[in-house]
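The values are calculated or read from the model by the stated rules, or taken from the named source; none is laboratory data. The shown structure was predicted, so the numbers you read here are calculated from the model rather than taken from an experiment. When we count neighbours, we look across all protein chains shown, and the Cβ atoms used for this are built from the backbone with ideal geometry, even at glycine. Accessible surface is based on the protein model in full, side chains and every heavy atom, while ligands, DNA and RNA are left aside. Shrake-Rupley method; radii C 1.70, N 1.55, O 1.52, S 1.80 Å.
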Protein chains: 2
Amino acid sequence: MQVEITREYIAQVDEAVERKDAAFILSTMEDMHPADITTVLYELDAEQCKYVMDLLPPEIGAEILSDLDYDIRTNFLHNFTSKEIARYVNLMDSDDAVDILNEQNVQTREEVIALLDNEEKSAAILDLLHYEEDCAGGLMAKELIKVNLNWRVRQCIEEIRRQAEDVERIFTVYVVDNRDKLVGRVSVKTLLLAKDDKLVQDIYNPDVISIESFKDETEVVSVMQKYDLESIPVVNIQGRLLGRITIDDVVDVMQEQAELSRQLMTGITESVEEDDSVFRISRSRLPWLIIGMVGGLLAAQFMGFFEEDIALLPAVALFVPLITATGGNVGIQSSSIIIQTLSSNAVVFENFMQRIFKVLLVALLNAIIISVLVFTFTYLFRHEFTLSLVVSVALFSVVLLASLMGTITPMLLDRFGVNPAVAAGPFITTANDLLGLGIYFAVAHMLYNL
Amino acid sequence: MQVEITREYIAQVDEAVERKDAAFILSTMEDMHPADITTVLYELDAEQCKYVMDLLPPEIGAEILSDLDYDIRTNFLHNFTSKEIARYVNLMDSDDAVDILNEQNVQTREEVIALLDNEEKSAAILDLLHYEEDCAGGLMAKELIKVNLNWRVRQCIEEIRRQAEDVERIFTVYVVDNRDKLVGRVSVKTLLLAKDDKLVQDIYNPDVISIESFKDETEVVSVMQKYDLESIPVVNIQGRLLGRITIDDVVDVMQEQAELSRQLMTGITESVEEDDSVFRISRSRLPWLIIGMVGGLLAAQFMGFFEEDIALLPAVALFVPLITATGGNVGIQSSSIIIQTLSSNAVVFENFMQRIFKVLLVALLNAIIISVLVFTFTYLFRHEFTLSLVVSVALFSVVLLASLMGTITPMLLDRFGVNPAVAAGPFITTANDLLGLGIYFAVAHMLYNL
């Protein structure tokens, strides 16, 4: 029976949990993929989830736990004893197990590890706990199939049989020498097609791309993407095989990175989701609002120097929003393209001056078009030559300068090791507001001979 | 010899090409991964690339061509005859082959297909050319291993041996019935561990997640990500197995999508990269600059109604940048979080009114904090009670209204089938500028009794 996950079904599960109708839950979830059950659980509260989890087979429960978002999982596991957690952790891949243990407090973590009855698993977990979460070592799992260079195909098949339960998806069998140093790889396909008494050293492929355990996760992503790998072995500095990272984990990292950079660009400083608390969402937004506010107050202070000019020629004030908005738009557009280049990890050999020159050419072209349009419209609407000239000359300079700022700021931040996406949103906008106003009032002052 | 790709190495290759030093190029590129050679080729011009490609073995050349960005590849292939292109296409997976053929003009495409000497390949390509590029059918390759439910393991191994060259990475062997309908899967590992005379129907796994050929690429991405798949079979509406999509293609789609949505949010309307031409970059930016300009001119027109007020009370004009900037920042922050939820394809069962209520709570909290701060600073700096009150009351309303706008606009666009990211950047900012000014001058008018 294939159950579709609809709002109605969620409501039925909710009711079934309330009246402790285990039969309904088991019969509808029996043929469901764990990832679909996870979707259902997201809609229930922590205690309801506990009831459902207790009904499901532990293998399914372990998959669901590995799948959950970490913030929901933390909340979720509060209702579980260390013994219950250990039962699931026993059945997980070591990388998922470590992720979960890292989210627990020290006491729970120690208790769970002590309760693991699979010794190989607990050794793997203890080893993995040493690595930072955002480096290759923190992404890898210990489960993999490795064979010795001197083995025969028969022994390799034996090894795969022995590990069959632990390593669900093999992708590649890694070949090591007697000192456990990674020397190559051999595919399951090759093993399947080779004669049983062939030696590994006669059929293996010595070209194997690996990554060192201390490398940053962004580097893992870019290497796996560049070489189209579905898994990558992790080695230590001596080249010893430590574990492997599979593409599903990397896909998750990619998505996190994309979301993070988008949030930074839109002025959100903490990673938040729509279902986080009101306080947390509010807190994630305040820093940029306050920076924007300080910028606005500085702008007011600055324009205050021209208060008499404005009283004399109030028309000048009317174009302030045009100037600040254009500066902001140009700045964000320019920074966007530089950030894309910087984040793509491309080996860019282009000269700094060449890049700036090109940015200026683009800006020049757009500045001419925009300022001619603005001059025309302003003159048509207001018939004031000097005002139209002031607005369009100022706009021309603002487009040029905002392009430069939007290009140079991310490059500088990147050189100083700051994520350049930080600069893309409100920061560039705020700086350009001030810059634009400065230019505008300077031009007005000059051309009106104030 | 492991050659590192540095600026110096690129310069050496450049020189070697000029003096036709095939020996240097071949010896340094011999042990290089094709993806690394691609990096080098990006730095050479089209004719230099042609010289290098002619030196390399065609298998390597085919991998490089599959790897190249499509805009660079188009330029690159101008120097190749149809016969030369056909030689590479013969060696490619059908999905990569179709991507390249789709980039050629009709004549070249027909010529290349006619020149293919691998009949199975040309049939696969002709079949794939029917699908839209951004649907599951357009992403899939025809190369896969399928076995019949009634076969024995021995026959499966024979089939794999037969296809060994065509299907480099198997991942999963698909199981079909006599009418070619997909009924399950079996891993190479299972085949390796099973006895030769076992029947497929006794060892296969009937749980297989597939996708229909007409489904959109965004759905392919979300299904593969949800179920952690490294490959997914594509079926037609009757469930017949047509092809498969592998994770490397999906990773590329994910990255394109992330870049596209980021560009939309930063007011860039065409997909551009830093190395595109000045005209193309300029053109990609103009639409939003012009919309922003129109917004700015409308703002000027609107403020024109209050020109006499401004002449009387120029201090009111000083806070215009504060009002517009805050409205813009709040609008972008709000839309960002909604777009994230919408694009995550999550089954969100939350009620529309509940979401709006929460958005308003967050906005209320931030509005109070910001307007109290602004009141305090303004009063401290200027000692004008009414002015401070006008600015802070207006700001309070702007934060509330901009939050609502920033939330509702993307939801409406999404409901009407428009990519909500379109609304996130300059559009929201421009609308909020006008909204903010309206509120500000209305409040000023009321509180000053103008």
Does A:LEU298 fit the bill of being open to solvent by 10 Å² or more (accessible area, probe 1.4 Å), hydrophobic (A, V, I, L, M, F, W, C) and within 29 Å of B:TRP288 (Cα to Cα)? yes
For residues that are of a type in the set (Lys, Arg) and in contact with a Ser or Thr (Cβ under 9 Å, 6 or more places away or on another chain), tally how many sit in the range A:164-195. 2
Only unsatisfied item for B:SER122, checking (1) in contact (Cβ under 8 Å) with a residue 40 or more places away in the chain; (2) under 29 Å from B:LEU91 (Cβ atoms); (3) more than 10 Å from chain A (Cβ to nearest Cβ), is (1)
Please determine, by comparing only the residues of the range B:368-399 that are hydrophobic (A, V, I, L, M, F, W, C) and over 16 Å from B:VAL443 (Cα atoms), which one is most open to solvent (accessible area, probe 1.4 Å). B:PHE381
Based on this model, can you work out whether A:THR430 counts as within 14 Å of another protein chain (Cβ to nearest Cβ), buried (at least 17 other Cβ atoms within 10 Å of the Cβ) and modelled with pLDDT under 85? yes
Kindly provide the set of residues from the range A:49-64 that are within 14 Å of chain B (Cβ to nearest Cβ) and either at pLDDT 95 or above or open to solvent by less than 60 Å² (accessible area, probe 1.4 Å) (or both), ordered by number. A:ILE60, A:ALA62, A:ILE64
Given (1) surrounded by 16 or more Cβ atoms within 10 Å (Cβ to Cβ); (2) at pLDDT below 85, where does A:PHE349 come up short, assuming only one miss? (1)
Among the residues of the range B:1-47 satisfying the criterion of being polar (S, T, N, Q) and within 14 Å of chain A (Cβ to nearest Cβ), which is most open to solvent (accessible area, probe 1.4 Å)? B:GLN2
Among the residues of the range A:255-270, is there at least one that is farther than 23 Å from B:GLN263 by Cβ and not assigned by TED's automatic domain parsing to the domain that holds A:ILE332? yes
Enumeration of residues in the range A:313-334 that are of a type outside the set (Val, Ile, Thr) and within 8 Å of chain B (Cβ to nearest Cβ): A:PRO314, A:ALA315, A:ALA317, A:LEU318, A:PHE319, A:PRO321, A:LEU322, A:ALA325, A:GLY328, A:ASN329, A:GLN333
Filter the range B:256-272 down to residues that are open to solvent by 30 Å² or more (accessible area, probe 1.4 Å) and at the interface with another protein chain (Cβ under 7 Å from one of its Cβ atoms), then give me how many there are. 2
Being within 11 Å of chain B (Cβ to nearest Cβ) and within 19 Å of A:PRO321 (Cβ to Cβ), is that true of even one residue in the range A:401-415? yes
Looking only at the range B:225-252, which residues are touching a residue at least 60 places away in the same chain (Cβ under 8 Å) and within 11 Å of another protein chain (Cβ to nearest Cβ)? B:SER231, B:THR246, B:ASP249, B:VAL250
Flag for A:LEU412 being of a type in the set (A, V, I, L, M, F, W, C) and touching a Pro at 6+ places or on another chain (Cβ under 7 Å): no
Check the range B:276-286 and report whether any residue there is closer than 19 Å to B:ASN432 by Cβ, more than 8 Å from chain A (Cβ to nearest Cβ) and open to solvent by less than 60 Å² (accessible area, probe 1.4 Å). no
Is there a residue in the range A:137-149 that is within 20 Å of A:ILE211 (Cβ to Cβ), in a loop (DSSP other than H, G, I, E, B) and away from chain B (no Cβ under 14 Å)? yes
For the range A:128-135, state whether one or more residues are open to solvent by 10 Å² or more (accessible area, probe 1.4 Å), among the acidic types (Asp, Glu) and farther than 20 Å from A:VAL220 by Cα. no
For the range A:108-127, how many residues meet the condition of being among the hydrophobic types (A, V, I, L, M, F, W, C), part of a helix (DSSP H, G or I) and buried (at least 18 other Cβ atoms within 10 Å of the Cβ)? 4
